[in-house]
There are 2 protein chains.
Amino acid sequence: MSEKLERLKTLLGEVADLGRASAVLGWDQQVNMPPGGGEARGQQLATLGKIAQEKFTSDEVGQLIEDLKAEFAGADPESDEAAMIRIAARNYDKAKRVPPEFVAEQAVVSSKAFEAWVEAKGKSDFSIFRPHLEKNLELVKRYISFFPPADHPYDVLLDDYEPGMKTAEVKAIFDVLRPQQVALIKAIAGKKQVKDDFLYKKYNEKKLIDFGVNVITKFGYDWKRGRQDKAPHPFQTTFGWGDVRITTRFEEDNPLATLFSTLHESGHAMYEQGQNPAYERTPLFGGASLAIHESQSRMWENLVGRSLPFWEHFFPALKKTFPSQLDGVGVKAFYKAINKVEPSFIRVNADEATYNLHIMLRLELEIAMVEGALDIKDLPAIWNEKMREYLGITPPNDAKGVLQDVHWSYGSIGYFSTYALGNLVSAQLWERIRADIKDLDDQIRKGDFSALLGWLREKVHKHGQKYEPQVLVQKVTGSKITPEPYIRYLTQKYSEIYGL
Amino acid sequence: MSEKLERLKTLLGEVADLGRASAVLGWDQQVNMPPGGGEARGQQLATLGKIAQEKFTSDEVGQLIEDLKAEFAGADPESDEAAMIRIAARNYDKAKRVPPEFVAEQAVVSSKAFEAWVEAKGKSDFSIFRPHLEKNLELVKRYISFFPPADHPYDVLLDDYEPGMKTAEVKAIFDVLRPQQVALIKAIAGKKQVKDDFLYKKYNEKKLIDFGVNVITKFGYDWKRGRQDKAPHPFQTTFGWGDVRITTRFEEDNPLATLFSTLHESGHAMYEQGQNPAYERTPLFGGASLAIHESQSRMWENLVGRSLPFWEHFFPALKKTFPSQLDGVGVKAFYKAINKVEPSFIRVNADEATYNLHIMLRLELEIAMVEGALDIKDLPAIWNEKMREYLGITPPNDAKGVLQDVHWSYGSIGYFSTYALGNLVSAQLWERIRADIKDLDDQIRKGDFSALLGWLREKVHKHGQKYEPQVLVQKVTGSKITPEPYIRYLTQKYSEIYGL
């Protein structure tokens, strides 16, 4: 192997080690840390982050990348070496463009903005958050200014989460999707609502968590290379190919959410566990993009976990575990209940039919903010207006409206659309999987997920970050990200459930 | 404040952050990590260690220390500034003398030696471990050669754990201690043995751990700044002034050991929790030496935790928790049982009367090894001979003899005497405490440990690393480390228990 490539891998391996050490510290902070540990932990994370940034943006790394681009100019662009150099170069270019002082300033501003957001949400008073959001937006615009002019300024933000993807592409996809999802919801609203009161009875926490553990074990989540703990918010985190962890939480008033969030996080985790171990500590390791990552979590949560064949397998065991709660409930009734469609205010609790509309609303607002076409003071009103237009409901207050999500408080703009794109990709992959695994439903009905996971590993997981999301989806499904499979999926599912 | 001192504190703060990040990773490795996580974790720890070493031994740090030594030449040597510079200079000098290649070589050699030791101990075959111990010893001698000639080559090793302490001092202390401990054990052997069968009945793990939690809560261990988890070996670790954790384990065949090890680790932890928060992330933070640290753990474990007043308070609760196990057992009988003296092969299980003899044996062998006065192949025979001489028993095999401790497999030589010194310091401090807190026994009998902990915080904990161990002990007790208080303590305690 090229000596320079070897050296670059050594340096990037150390940067990866620092990132993973930070991930361990972050995980511990959520899962274990006593209240007194916060200050020291913040300093440790700041120091690790600073050193990682310094190491990654060093002149030596820059020179190696330049030299290697030349050395591998004629190499197969799909080779590991060429891809690694390409991704390292992309990340290096991004990191170099953003001055360390800006990163430090943003950390301070967003930390204050986060506090203001907590207060504003608590009091449901947007005016408390407004000046902080304005500052965050100002910083976002400055961030964009560090990069060469793009087709659309929002492209710069989107590219951090979906490499190579353009705002125009996302808009085009959503323009097709929006009217059809709105129409679907209207059609459902005209039908008799399904019964789901039994989902909100008292469920024993430990039994429910154990049930989830059993399900994801059958999925193929590898416990020798992971573990699940309780945390205030469910998340997945990676400390190495051999240590991919998830967290869960229990919600008294929505107990089944515990189960579905475990399925969701296991989807993220199996993507990470399915990485090529040869990519460990290199820029090739990890998910191709947030949307691709979300396609995996949403697939296991929804396309698998909210399907009838899945519950034909698991419902008897669930009923045995919770006989009184599910007394008199059949599998079909249960299946309908967990798929109930009902426009609601809060994105994270939204069902599959309404979820994407929450995202589209946010994307439109973000684009308008970045374009400067929207005055921040008008945000709550516009939010509510769009809620009425898309979902037919009006938030009773800003806490359940414009203030509900934490993202804008960190100054994180450009992120939301990846959630909806993930849904679309999950359905798009699913059609391909169905074509390749003819008896998929029967396998799921038997609790056998090995062919499904094997397919995902081979077609998606093992490639890591080698391909940009659109390239990967094209390679696997024959077309770029497109909304049709998701629309077909929703239409078929809800036609059956609601008799459309 | 001096700009240079500010800069030095910034740099050393980052080094401290890296060390603490490593501590979090190490803790997680023991407490949580799934089996697959080992390889990546090893790389992360290696990278953090390497960066910390590079940062600490940088020319900038060296120059700052030189400049600050001059700048603070006239300052009160007991001022925080002077002490910080002095300790930084000492540590810097040590770190610079040891070449990074040596550190790397030692890591490889000792990792192989550890594996060989595990195998050797398993098969009770010293010959498997012998060549590795020879190599470890060779490296230890090379390590010594990096330093200026000392009064005794072993001084170099000892100084890493007990700053400023000389081999001759330790030998002089042990020469006084040894014959008196040997005589005490012989006297006890002539008396009727105490009954302790009830300690080895079946005890419920959770109840026993909860009992320990309750005890150390009363001691004053601050749970808002710490937590206890299960791990293969009990240990204490510090991630910051506000995050000081301990671990415990349950031993089926020695259940009460769980309780006493919790008391022991809480002693270490309260020392760390009692640090001056102004010393956070500076070289002043932490224990003065391993012996001083051990004096705290042994005090809470033994002078408090194996005392009669302590059990006069806690025994009723213990008996209520374990009524069948302790049926018919009174507090005096229990007190005698947990203080039973019986020469045994294994150091970590030794009672207070025999423990130090295990240490003295090891120290003599280590000194002989370093002097070259001992052929490694003769080690098992000499070990057994000394066991007979000091404890009157002969190990049945090498696993229970020369192979029992892990320390030599890491190449860690110079460490053992700190255990015995810790015992001596605990008794020496205890005499001072008794003089200052007249009704200490009554307080303990009431379960009130606040005056005791307050005394330790004021006299010992808050000074951190400011004073070398001998200086600290002199300041607090009026004399350097001396064996007499410990001998008085043992003699009084066992005279009562065994009617000597």
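Each value in this text was obtained by applying a stated rule to the coordinates, not by laboratory testing. This structure is a prediction, so every number in the text was calculated from the model and none was measured. Cβ coordinates were reconstructed from backbone atoms using ideal geometry, including for glycine residues, and neighbour counts include every protein chain displayed.
Residues in the stretch B:345-366 near a label at B:Q180, defined as backbone nitrogen under 19 Å from the 7 Å Cα→Cβ point?
The answer is B:351-361, whose backbone nitrogens lie closer than 19 Å to the label point.
If the chain between B:A150 and B:E6 were fully stretched, how many nm would it gain, using 0.36 nm times the residue separation less the Cα-Cα distance? Could you put the intermediate results ahead of the total?
On the way: separation 144, 0.36 × 144 = 51.84 nm, distance 3.40 nm.
Residue separation times 0.36 nm, minus the Cα-Cα distance, leaves 48.4 nm.
May I ask you to report, in nm to one decimal and beginning with the shortest, the distances from A:P316 to the same position in the other copies, taking label points 7 Å along Cα-to-Cβ?
So the distances to the same position in the other copies read 5.7 nm.
Cα axis of helix A:126-145 to longest principal axis of chain A: angle in degrees, 0 to 90, nearest 10?
40 degrees
Give the peptides A:160-173, A:220-233 in descending order of average Cβ contacts within 10 Å, highest first.
A:160-173, A:220-233
Compute the length gained on full extension between B:D160 and B:S58: take 0.36 nm times their separation in residues and subtract their Cα-Cα distance, giving the result in nm to one decimal.
Result for the pair: 34.6 nm of gain on full extension.
Please give the charge dipole size of the stretch B:3-149, origin at the Cα centre, charges +1 on K and R Cβ atoms and -1 on D and E Cβ atoms. Round to the nearest 20 debye. It would help to have the intermediate numbers written out before the result.
Working: 20 positive and 24 negative charges, 139 e Å.
Computed about the Cα centre, the dipole is about 660 debye.
Quick one: work out Rg over Rh on the C-alpha atoms of the stretch B:402-500, Rh as Kirkwood radius.
Rg/Rh for the stretch B:402-500 comes to 1.04.
Could you list, in their original order, any pairs among A:K9/A:K94; B:K336/B:K462; B:K319/B:K462; B:K123/B:K386; A:K9/A:K218 whose Cα atoms are separated by more than 27 Å?
Over 27 Å apart, Cα to Cα: B:K336/B:K462; B:K319/B:K462; A:K9/A:K218.
Please compute the contact order of chain B in relative form: average sequence separation of alpha-carbon pairs under 8 Å and at least six residues apart, divided by the residue count, as a percent.
21 percent
Efficiency by 1/(1 + (r/R0)^6): what FRET value for A:A46 and B:Q30, r their Cβ-Cβ distance, R0 = 30 Å, to the nearest 0.05?
Given R0 = 30 Å and the Cβ-Cβ separation, E is 0.70.
In degrees between 0 and 90, to the nearest 10, how far off the longest principal axis of chain B does helix B:80-97 point, with axes built from Cα atoms?
Taking the Cα atoms of chain B, the angle to B:80-97 is about 80 degrees.
Which of B:E265, A:E458 has the fewest other C-beta atoms within 10 Å, and how do the rest follow up to the most?
The fewest-first ordering by Cβ neighbours comes to A:E458, B:E265.
Is the stretch B:174-321 best put as rounded, prolate or oblate by its Cα gyration tensor, with a ≥ b ≥ c the root eigenvalues, rounded for a/c under 1.5, and otherwise prolate when a/b is larger than b/c, oblate when not?
oblate
For the stretch B:341-469, take every pair of Cα atoms, bin their distances at 10 Å starting from 0, and report each bin as a whole percent.
11, 33, 25, 19, 11, 1
Note the full-extension length gain between A:R388 and A:N349 as 0.36 nm times their separation in residues minus their Cα-Cα distance, in nm to one decimal. Walk me through the numbers before you get to the answer.
On the way: separation 39, 0.36 × 39 = 14.04 nm, distance 1.77 nm.
Here the answer is 12.3 nm.
Relative to the first principal axis of the alpha-carbon coordinates of chain A, what is the inclination of helix A:379-391, with its axis defined by its Cα atoms, in degrees from 0 to 90 and to the nearest 10?
50 degrees
Using a Förster radius of 30 Å, what is the FRET efficiency between B:K340 and B:D229 based on their Cβ-Cβ separation? Nearest 0.05, please.
0.50
Within a 10 angstrom radius of each residue's Cβ in B:141-153, how many Cβ atoms of other chains show up on average? Whole number is fine.
0
With a point put 7 Å past each Cα toward its Cβ, work out how far B:K202 is from A:V118 in nm, to one decimal.
The modelled label-to-label distance comes out at 4.8 nm.
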